[in-house]
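We did not get these values from a lab; they are worked out from the coordinates using the rules stated. Just so you know, these numbers come straight off a predicted model, no measurement behind them. Cβ placement follows ideal geometry from the backbone for every residue including glycine, while neighbour counts extend to all protein chains displayed.
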Amino acid sequence: MKFGDVVTAVASLVVITLLLDSVLLAIFVPVMSTGGTNVAGILSTLVASLIVGYVFALKMQEESKRAAIGRIVVLFTVVSMFATMAFIANPLASPAVKESMDTMFSTSGWTNYDWFDAMFMLVALNVVIALVFGFIGLYAGSMLRKPKKS
């Protein structure tokens, strides 16, 4: 797989993930409150990875499938990490993140370091979700499409 193909696959993965996430957030957040965002994020990553894995399966089979999937997942994880950090740094989103943390924990005595640590863990959790569910979805999606017979 060429680097341009990897970038195209990651761009497709990001766009499909965002579209699915917006729909799934509308479904799960009213029902599950804070847990709905987590479920929507995991499901959107998994389903988008399945779709991209199926679409790019023939490109992945040109060389080692695991190496191609690894390149896509690592680049997608880096993009996901920066997107999460940008979301946390957004002044319009920060109150929602703070309110969510306040409802989950007693944050009245938290220092700036405690908040930094919590946001770091949020980014780390999103990185793990992108790595694990991205790899599973891409691998499963690529297995759904059979190779061309020559």
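Take I16, I72, I42 and order them by how many other Cβ atoms sit within 10 Å, fewest up front.
I42, I16, I72
May I ask for the angle, rounded to the nearest 10°, between helix 3-32 and the longest principal axis of the chain, with both axes built from Cα atoms and the value confined to 0 to 90°?
Roughly 40 degrees between the two axes.
In a Gaussian network model over the chain where Cα atoms closer than 10 Å are linked, find which of L24, L13, L50 has the largest mean-square fluctuation.
L24
What is the sum of charges around M101, taking Lys and Arg as +1, Asp and Glu as -1, for the other residues whose C-beta is under 15 Å from the C-beta of M101?
Here the count lands on -3.
Which order do peptides 77-86, 127-136, 91-100 fall in by mean Cβ count within 10 Å, highest first?
For the peptides 77-86, 127-136, 91-100, the packing ranking is 127-136, 77-86, 91-100.
Multiply the residue gap between D117 and V31 by 0.36 nm, knock off their C-alpha separation, and tell me the result in nm, one decimal place.
Result: 28.1 nm gained on full extension.
Which loop-located trypsin sites (Lys or Arg not before Pro) does segment 1-70 contain, where loop means any DSSP state but H, G, I, E or B and the Cβ has at most 15 other Cβ atoms within 10 Å?
In loop regions of segment 1-70 (DSSP not H, G, I, E or B), the sparsely surrounded trypsin sites (Lys or Arg not before Pro) are K2.
Need one number: the % of Cα-Cα pairs in the chain sitting beyond the 22 Å mark.
Distances greater than 22 Å cover 44 percent of the Cα pairs.
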